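The values are calculated or read from the model by the stated rules, or taken from the named source; none is laboratory data. This is a predicted model, so every value here is computed, not measured. For neighbour counting, all protein chains shown are included, and Cβ atoms are generated from backbone atoms with ideal geometry for every residue, glycine included.
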Amino acid sequence: MIKFKLTISHFEQLLKQSYSLDQIYLLKLVEANVDIQPSIDGSMKIAGLYQSLVRKGLISDVTQAITQTGRELLTYVDSEVKEPIKKKKQNSSDFDNWWNTFPSTDNFEYKGKNFLGSRGLKRAREDCRIKFNKILSEGDSTAEEIVKATLLDVFLKKEASVKFGENRLKYIQNSLTYLTQRSFEPFVEMVRTGIDPKQMHESTPTKKGTDV
């Protein structure tokens, strides 16, 4: 049985932040590892309620686990604190840094070689912003890690292009798909080992032609 106590102050703050008691209860069930899948499959109302938790960034749409934002909300509900809920405001510069990092097209020049591309890679900027901020709210990766991971991905694809004489950047997805599929995640692990894509780029010599 799931129990939680709410003061009138908590209740008022939840309403101000557009959280319903139904959402809090369902989130509590997920926290308690109750198998709610049969209820989701059997009830359109519960399924819609679950999706509302995903849309609000309280549950990850990838792992189905409670996000950092969701856990902070549960902590607030269980606390004695009467202060208003403080929703974290995403720093708009975090997304802008990532957006500026992501290549505009798959056409590029690197180490004196030109690689012809045919695709625009930046797509649906505001949808990307929403997706990026949603990823941050889950707390698995920081904005800096995502930016560095994307830089590393692009750097390695350019290096491979020079090595194999083929444009490898053409295989990168457009910006929205890149975030939706979280294609940066393998490179986050590399970044966490201390690999810095900027330092790698600076330490990689540019090949120059030889005068004859």
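Annotations for the structure displayed:
- Any hit, the range 42-49, residues being surrounded by 12 or more Cβ atoms within 10 Å (Cβ to Cβ), under 25 Å from the mean Cα position of the chain (by Cα) and under 24 Å from Ile8 (Cβ atoms): yes
- Scanning the range 3-33 for residues that are exposed (fewer than 12 other Cβ atoms within 10 Å of the Cβ) and under 15 Å from Leu49 (Cβ atoms) yields one hit, Ser18.
- Close Cβ contacts (under 6 Å, 6 or more residues apart or on different chains) running from residues in the range 134-154 that are farther than 15 Å from Thr193 by Cα to residues that are assigned to a helix (DSSP H, G or I) and acidic (Asp, Glu) comprise Ala143/Asp94.
- Subset of the range 157-194 [among the hydrophobic types (A, V, I, L, M, F, W, C), more than 22 Å from Arg123 (Cα to Cα) and in contact (Cβ under 8 Å) with a residue 24 or more places away in the chain]: Val162, Val188, Met190, Val191
- Listed conditions (1) part of a helix (DSSP H, G or I); (2) under 13 Å from the mean Cα position of the chain (by Cα) are all met by Asp140, apart from (1).
- Scanning the range 91-118 for residues that are surrounded by 15 or more Cβ atoms within 10 Å (Cβ to Cβ) and of a type in the set (D, E, K, R), we see that the one that is modelled with the highest pLDDT is Asp106.
- Consider the range 18-77 and keep the residues that are more than 16 Å from Leu136 (Cα to Cα) and either of a type in the set (Val, Ile, Thr) or in contact with a Pro (Cβ under 8 Å, 6 or more places away or on another chain) (or both). The one that is modelled with the lowest pLDDT is Val77.
- For the range 119-144, the set of residues classified as surrounded by fewer than 18 Cβ atoms within 10 Å (Cβ to Cβ), of a type in the set (Val, Ile, Thr) and closer than 20 Å to Asn174 by Cβ consists of Ile130 only.
- Inspection of the range 81-89 finds no residue satisfying the criterion of being over 14 Å from the mean Cα position of the chain (by Cα), at pLDDT below 95 and not in a loop (DSSP other than H, G, I, E, B).
- Test result for Asp127, at pLDDT 90 or above and either farther than 30 Å from Leu151 by Cα or not in a loop (DSSP other than H, G, I, E, B) (or both): yes
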